[in-house]
Structures are given as structure tokens and as C-alpha cells.
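In what follows, a structure is listed as C-alpha cells, so that the remarks can point back to it.
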Amino acid sequence: MRMRLVSILLTSFFSFLSITATPVTAQTCPTNLQAFPDYGQNLMVIEWNLSVAGNAAAEFQIFRGDQWIATVDGLSNTTIDDLSTLTANRIHLLDYSVVTIGTATPCADMTARGTYSTGSIALFEDFENYSSDIELESVGGWAIVDENSPIEDSTWTLTNPLGRQHPPRIDGHSTRGGFIISDSDFGGTTNSNPIGSGMSHDIWTPTIDCSAMDQVVLHASVCAQLNDNGNAIFDIDVTTDGGSNWQNAFRRIAPTRVSTAPLARTDNADGVYQYLEVNLTQFAAGESTVRVRFRHFEPNWDWWIAVDDVLIDNICVAGGGQTTLLPTEDFSSGIPPTWQIAGLNVNSPIDSWNTEDPCNRSITANNGGVFPYLAGKAVNRLGDFFAILDSDCNPDPTEDERLITPVVDCSAQEHVYLHFDSEWMPYFSEEVEVLLSLDGGVSFIQPAIFKAPTDTSPEPDNDPLFGHFVLEEPRAAGESEVAFLFKYTSPGNQWWWAIDNVAITAGEYATAPTVGSQFLRGDCNSDASFNIADCVFLLASLFSGGPASDCADSCDMNDDGSRNIADAITGLGTLFSGGSPLPDPGSIACGIDPTDDGLICDPTAACP
């Protein structure tokens, strides 16, 4: 855990400089605009903090987009927006602004983005209504469960024992009020959970009824800081039988967990810092007794996982829109000439956005995909090709660098979506932003679509943070010269930000990507059981011209995303040499592959 000490010392040092060098000034303008849903009343609640040093306002005017919704007097700090007429079955992104009127000193307009689902709401929890963990369970119906008698005191709690910042909303700004956290940096200081012990810190949602839902989707604000030199795992699991059996829907693993399964791989490594969406349809749709579990598995004096604004509904945004405006760009042929690079360092290509990977961050291109690489600080998720701004590469100039998509015409579109994969290695003094341009990239408008750090931030100089983002941008709809910008600003000598698989779509929601068919791990010959015949079948398929399996995932017995002799060795070890059980979903009950490894599985008689 050597980097924790460095991080703490540096953070304390910079905090000291800030305290000693910056005079304390009174807050003379209102601040901290927040917009949060009240699903029981079909409302968005808008709140802000009043000034505390005179300069009182005569009134506040509140707008949603360009539409006026309310005017309140200068002593008020809240209003509501009636959302009962919004289009059904969508996740709505609503931009609010508050204009301050009548102050002696002018105040800038405040802005905030809120999200509101008009789908079928199975659960919404913002953790605002509980005074204690006991009340969270007795009143809220949540269950705090420590599995296998963990040694750490990293139990999920509302109390936030080390005062962590909130997880991010969809735009990167913080959620409000209460949230739940499992903090291994607090709980593991004296005693830490042994790796391989199965010890975990879990929290279960209340039981929810999804029997009338044909699609079930989890949305949540999440900061899962796992540790660049640790072993922690963040899982999201689903049960439909009261917790007797769980199916894994989402997994992230610290990038240096390499000795005890489950292991870090190129499809599951890195922390999380985003408004996360996880499709639970194949586990929960049509079920009447569904519970979702957030699991902090085997933290070993690592960092923390924080969760807020948990929403379960039937709306999946991950497919974007049905119309493709910009096909997916994977940067395998460099940055195309239709893209723009702008900034301070465009005459020195490796110091601006590039695809050369000048400091060899890619774990696949430079280390064969073998973990760990670069002490856990590698580009673990984006393969060989991506666009990167590498602030740590010498000569470390000051950066204000923009990677700009081609211009797309959205004038006929009502809904526009930006898709991209992001892997970010935070440090101390950089700012990453995703911005919208309405003049073809010449300028950009505020507020940012996504920005970090803001009033919330991840732990600097730790594990990389990977996210697959699909963000609707309402301000792009109806515009003819739309471009999106990825902007990195820093004094130099920070870490890096890598971007891949950028696309723009439009229209009504596309069919949501599926997790995959259910299967039995190890059942390579699809006879509904796992035994030596499956290993023989696999070896024949590989080396003797035998038939291919109907389910490639079943034959991937070690779950490394490929089929080879190592899978047969794993299977034989499990059957005859006391090896570990096969990876999820295991060989006992049908389930979904928790990892998106590109292998497909046609429905079989064993798991129709």
C-alpha cells in the first residue's frame, strides 16, 4: 500500500499550502445548485445555497433549458418543477439554471443537470431519509451483510467514517446528502481481510417486484476506488430466491489482483467513477422477488466503494439511438483527418492527443495483456489502439488539449447520444472534460457534459478508472454543426487520459445490448452436465477436427476470453485434482457470463 502514504502526504501538503496561502473570503453569491427527483410526486426539486455575506438577492428566476418555470423571492432557496407531462419511457436529462436578480454585486447564473426516469420505477433510493444504518435496514428494507466473518471493519454504512466525497452524478458533479460506503482504508488499517478467504462486505436492496417488467435496468452513482496495488473486487449481483443463489451482473477487479481467482483481466480491471448503468434484464425480468447486492469482495486495506441514487427501472440508454450519425472510431488507423486536434501543443504531437502511446501504457500492446503492468497504472481496457493525452510523458508541458469529433448534422434529430470508452489515470492538478460545440468545434458551450474532478473527485494517483459512456445530450438536438470535444487541461506532469470507440447516434432508443445467453461453464458438449467428456470434446475440437461447441462460453473453462488447451487443463484440474470451482456462472446452475469477452453462446437444451 505504498502509494497510499505518498497520496496522503501530498494531499495534506497541498491542503496546507491552500489553507496558508489563500485568504478566507465570504460567500457573496448563491452556490451549489442541485436538481433531484421526487418520483412519488412526479417532481424535480431544485435547491441552492444562499449567500452568507450580504449581497442579498431580490428574487431568483428558475429555468429548465430556455423555459421559465418559476420565480421565487430572494430569501428562498428551493422550488419544484412539475414533470408529469414528460414523454413516457425515457431517461430525461434536464438542464436547470437559476438567475439571481437584484444583488448589489452581480452573480453568475447557476446551472445543474438532473436526470429523471419516466419508465416503470421498481426502486429509487437516495439515502436521504435515514438517521442511522439501523434505520436504513428497519425502515428502508436494505440489508447490510458481512459474509464469511470479515476481519476488516469495512461494513457498508451511511456514516462515511473518513469523510469521503460523494460519488458522481451523470455530469461528474457530486450527489447530495447521504450515500452508502464500504471503506477499506478505514476498516483495514489494523486488520485486513486475507486474500482467498471469501470475506466480503455486502449490502442488499429491498425486495422488489419485477414481475410486470420485460426489461430491468440498474442506474447508480458509483465511485469504486479499488487500489492500484490491491486485491479488492466490486460486484453487482442479483438474486430471485431470497439470497440463496446469486448471479453476477457486473464486476471490476483491482489491476494487481493476479494470484487468487477471480483475477484481473482486460475485460474486468479498473475502478469505477460514473453514473453507472447495468442491464439486469436476463436475471430479473418477470421475477417477483428480486434483490440486488453491491459487494466489496476481499478488500485488504484497500480504498472504498461509494454508491448513491440507486434507480431500478425499465429504461436502457446503453444502446444509444437507432440512427448512426458517426460510426464507431477505434483509432486503429490513427486519428482520422476528419477529426481535429487543438491546443497548446499541436506542433509537438506526442504532447497533445495522439495514437502513438508514447510512454507505452497499453497492457496488451506492451505486456501481452498480462497483469500487472506499470504497477497497476496501465491502459488495461482499451486494447492496442486508442487516442491518449499522456501528461506524464516528457517534456511535461502545460496542457489545454482538445480532441474534436467530426461535425455532424443533428438538425433533424430530437435525441442525440455520444458514445465513448474512457480510461483515466487521475493525478492532482488536471481537469478532464467532455464538451459540446455547436459551431463545428470552433468554440464550446458550458456547462460540460462531463467534468472531473469537480466538487467530487476520485482518489488521485491510484488505480485507473474505466467507463463505457453513452450520454444523451439534449443541447445537440436540432443543431446543424455539432461536434464533441475531449478536453484535458493541466500544468503538465500529471498522468493520462485515453479515449476509444467514439460514436454518435440519434433517435429513439436502440435495442439494448444483451449480456449473453445463459450457460453452464464447462458444459462444452451441451449435455447439461460438466464431466470428463466435456474436456475430451474440447480437445477434439481444438486438435482432431471435432465439431465446434454450440456454446463457446461453456468451453472457456478458465474464463480468460479464449478457448485453448488451458481450458481443458482447468476443467480436468477441477474434476480430478482439487482445483477451484469453475468461474461464474459455474457448472451447477445456468447463468450469464459476467465478463464481456466476445465469446457467444447459442441457447442449448441445457440452458434454453
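The values are calculated or read from the model by the stated rules, or taken from the named source; none is laboratory data. Fair warning: this is a prediction, and the values are worked out from it, not measured in the lab. Cβ atoms come from the backbone with ideal geometry, glycine included; neighbour counts cover every protein chain shown. Surface areas here come from the heavy atoms of the whole protein model, side chains and all, with no ligands, DNA or RNA. Shrake-Rupley method; radii C 1.70, N 1.55, O 1.52, S 1.80 Å.
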In whole Å, largest first, what are the principal axis extents of the Cα atoms in the chain? 83, 60, 56
Mind checking the dipole of the chain: about its Cα centre, +1 per Lys or Arg Cβ, -1 per Asp or Glu Cβ, Debye to the nearest 20? 620
What's the angle, to the nearest 10 degrees (0 to 90), between helix 532-543's Cα axis and the longest principal axis of the chain? 80
At most 16 other Cβ atoms within 10 Å and a DSSP loop assignment: could you name the GluC sites (Glu not before Pro) in segment 345-441 that fit? 356, 414
Distance between Cα centroids, segment 524-547 to segment 350-407: provide it in whole Å. 41
Unit charges at the beta carbon, dipole of the chain: most positive-side option, 177, 462, 239: 462
Report the relative contact order of segment 323-444, percent, no decimals, based on alpha-carbon pairs under 8 angstrom and at least 6 residues apart. 30
Hey, got the dipole for segment 230-357? About the Cα centre, +1 on K and R Cβ, -1 on D and E Cβ, debye to the nearest 20? 300
Going from the alpha-carbon gyration tensor of segment 170-259, what semi-axes, largest first and in whole Å, does one get by taking the root of 5 times each eigenvalue? 26, 19, 14
What are the principal axis extents of the Cα atoms in segment 259-400, in Å, biggest first? 60, 44, 28
Can you give me the angle between helix 2-21 and the longest principal axis of the chain, using Cα atoms only, in degrees from 0 to 90, rounded to the nearest 10? 0
Label segment 195-349 by shape, choosing from rounded, prolate and oblate, from the square roots a ≥ b ≥ c of the eigenvalues of the Cα gyration tensor; if a/c is under 1.5 it is rounded, and otherwise prolate applies when a/b is larger than b/c, oblate when it is not. oblate
Placing unit charges on C-beta atoms (Lys and Arg positive, Asp and Glu negative, everything else neutral), compute the dipole magnitude of segment 212-300 about its Cα centre in debye, rounded to 20. 180
Please give the peptides 466-479, 259-272 ranked by average Cβ packing (other Cβ atoms within 10 Å per residue), highest first, as a rough proxy for protection. 259-272, 466-479
Could you give the length gained by full extension between residue 531 and residue 53, i.e. 0.36 nm per residue of separation minus their alpha carbon distance, to one decimal place? 164.6 nm
Along the charge dipole of the chain, pointing to its positive end and built from +1/-1 on Cβ of Lys, Arg, Asp and Glu, which listed residue (572, 607, 301) has its Cα farthest out? 301
Report, in degrees rounded to the nearest 10, the 0 to 90 angle that the Cα long axis of helix 565-576 makes with the longest principal axis of the chain. 70
A 1.4 Å probe over the protein heavy atoms gives the chain a carbon and sulfur accessible-area percentage of 52
Solvent-accessible ranking of 427, 130, largest area first, probe 1.4 Å: 427, 130
Dipole check, segment 232-309, charges on Cβ (K,R +1; D,E -1), about Cα centroid: among 283, 250, 264 the Cα furthest to the positive pole belongs to 264
Any idea what the relative contact order of segment 132-225 is, in percent, if you count C-alpha pairs under 8 Å spaced at least 6 apart? 40
Regression test value, accessible area per residue of the chain, probe 1.4 Å, units Å², expected 39
